[in-house]
Every structure is written in C-alpha cells, then in structure tokens.
Amino acid sequence: MTIGLWISFADGTQEQYDAVNAEMGVEESPPEGLVFHAAGPMEGGWNAIDFWESREAFDRFQQERLGPAIGALGDKAPPNPPNIKEFPVYNTLKG
C-alpha cells in the first residue's frame, strides 16, 4: 500500500539537504520504491513530502542510504533527527 510521509528537519537548511542528496547520489540512482519526493523550507527548518510504495521501502532506504549519508556528513548534515509523520494514501492525481 502506498504511504505518504511528512519529514521535518528542525533547523535544517537547503545546503544540508543538498549535501545529503549529493552524498546518496539520488539524482543518478533514485531510491527503489520511491513514488514522489518534494522538499523545501518551512518555518523552523527543512521539510519533505514523500510517497513510497510501502513503509518497508522507505525503512530500507533510510537504513541503507539516508542514515549512512547523514552520518558520513557530520557537521554538514542536519543537526537534529527528522520528525516523520506517516499517512495512508487514499488517492493520487497527476496533472
């Protein structure tokens, strides 16, 4: 079942987001199971909205790519762990 995730990095910045993505190489090799990703600034930090084929696909990505990339960047990574809110996806519409 497709899930949606709101991922919020308190005090995160665009520079940190770009550094994490570069470390993971997501532009060249998108994560398996990712349906859609969008990110941008919000008051107090950096946020992403993701849609995944399943929670298991996201958890695998987080364990195998996201976590190690954040760890490898040290001070260049977001300073706080993300707050992740999951919601079931009832409907999708493409324009």
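Dividing the mean sequence gap of close Cα pairs (under 8 Å, 6+ apart) by how many residues segment 3-86 holds gives a relative contact order of 49 percent. Taking a ≥ b ≥ c as the square roots of the eigenvalues of the Cα gyration tensor, segment 3-86 is classed as oblate, since a/c reaches at least 1.5 and a/b does not exceed b/c. Each residue in MET24, MET42 was given a count of other beta-carbon atoms within 10 angstrom of its own, and listing them fewest first yields MET42, MET24.
Between 0 and 90 degrees, the angle of helix 14-24 with respect to the longest Cα principal axis of the chain falls at about 80 degrees.
Rule-based calculations on the coordinates, nothing more; no lab input. Quantities reported herein were computed from a predicted structural model and do not represent experimental measurements. For neighbour counting, all protein chains shown are included, and Cβ atoms are generated from backbone atoms with ideal geometry for every residue, glycine included.
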